[in-house]
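The next block holds one structure in the form of C-alpha cells; read it before the comments.
Throughout, read-outs are computed from the coordinates displayed, never taken from laboratory work. Predicted model only: the values in this text are computed from it and were never measured. Don't worry about glycine lacking a Cβ; one is built from the backbone with ideal geometry, like all the others, and counts go over all protein chains shown.
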Amino acid sequence: MLEKAHLLALADEYCRAANVSDTTLSSRMFNDGKKLPALREPKGDLSTKRFNVAMRWFADNWPENAVWPAHVTRPRVAA
C-alpha cells in the first residue's frame, strides 16, 4: 500500500536529482508551492485524488538521472 512516506521519498529523490526545492516541486506538481512542505508536517495530509495526481506526475516526469525508490510501486507512464 502506498502512503505519505512513499510520496515524500519520491519528492526527496526528485528534488535531489532535479536540483529543485520542495516549493518548486510542489508548484509544478500541485500548482501550489505550499502543499508539499505542509505534507512534511506531522499532521500534513492529502486527499486520495491529490495523492494519485502526485504519483502520476512523478511517473510521467521522473528525471533520467534519478533512481525510483525500490520500496515504492511505480505507476505506469501515461501514454
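Residue-normalised convex hull volume from the C-alpha trace of the chain: 93 Å³ per residue. What's the magnitude of the charge dipole for segment 10-59 around its Cα centre, counting Lys and Arg as +1 and Asp and Glu as -1 at the beta-carbon? Answer in Debye, nearest 20. In total the dipole reaches around 160 debye. For Ala66, the amide hydrogen comes within under 5 Å of no other amide hydrogen, counting only partners 5 or more places away or on other chains and with H modelled in the peptide plane. Taking 20 Å as the cut-off, the amide N atoms of segment 1-39 that come nearer than this to a point 7 Å along the Cα-to-beta-carbon line of His71 belong to 1-17, 39. Think of it as helices only: each DSSP H run of n ≥ 4 in the chain is worth -39500 (n - 2.57), and spread over all residues that comes to -16500 deg cm²/dmol at 222 nm.
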